[in-house]
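Please read the structure below before turning to the comments.
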Amino acid sequence: ADLAEVECGFVYDVTHLESVDSRGIDVALMSNPQRVMIVDAQLRQACTPIATGIADASIECPAGQHPLFSRPPLQVNLQVDGQEMTLFNNHFKSKRGGEVETASRRVAQANFVAGLVDGLLQADADANVMVLGDLNDYELSPPLLRLTENGRLSNALTQIPQAERYSFNFGGVSQLLDAILLTPSLNKTI
């Protein structure tokens, strides 16, 4: 038997779509097929006036605009134990090249994802939506504040005690750059 199956009791399913990231970095979802049924998955690319240097044949941007994501959010519509959910798995622009120089990209990416969540919540105020991944920014940064404004989403990781709340250690400093953001109806079930 596969080692993962012996240790976990099952083998994960992987939901993955290839992105255009020049370093080969993609986002994916690993799920337990005994509890999770994947309905569909798609990459959600957008356009921006910010010169990103990204070439992505999957989207035709208007003149003067460019693809926003090198690693577009992976939208996965799924059911967990029969409960419908939409998940957006993200890996926002890194701070490589400077925090100030890259901040506008992360804010634009957060604005786009917030718009996707808002669309789902307008269609169903009780929609179960999760936005997660490496957002490459801190809890009180403009991108995370944009995603959580007006109670749209809340960060489940803030329930972890402050001393233990980190996902990255750089130069001995522990930082939380990842997030698990939940809509109010989903937050109630956890």
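The values are calculated or read from the model by the stated rules, or taken from the named source; none is laboratory data. Predicted, not measured: the structure shown is a model, and the values here were computed from it. So basically every Cβ, Gly included, is an ideal-geometry build from the backbone, and we count neighbours across all protein chains shown. In case anyone asks, the SASA skips ligands and DNA or RNA and just uses the protein heavy atoms, side chains included. Shrake-Rupley method; radii C 1.70, N 1.55, O 1.52, S 1.80 Å.
Counting protein heavy atoms only, the chain has 53 percent of its accessible area on carbon and sulfur, 1.4 angstrom probe.
Annotation: for a label point projected 7 angstrom from Cα along Cα→Cβ of Ser185, no residues of the range 39-71 have a backbone N closer than 11 Å. For the range 31-190, the convex hull drawn through the C-alpha positions has a volume of 139 cubic angstrom per residue.
If you take the alpha carbon atoms of the range 90-130 and fit the smallest convex hull around them, that volume is 57 Å³ per residue. Considering the range 86-165, its Cα convex hull presents a mean projected area of 5.6 nm². When the charge dipole of the chain is built from unit charges on Cβ atoms (+1 for Lys and Arg, -1 for Asp and Glu) and taken about the Cα centre, the candidate among Pro49, Ala179, Val39 whose Cα reaches farthest toward its positive end is Pro49.
A simple spin-label model places the labels of Ala28 and Glu60 3.2 nm from each other, with each point 7 Å out along Cα-to-Cβ.
Accessible area per residue for the chain, computed on protein heavy atoms with a 1.4 Å probe, is 54 Å². Applying 0.36 nm per residue to the separation of Ala163 and Gln83 and subtracting their alpha-carbon distance, the gain on full extension is 25.5 nm.
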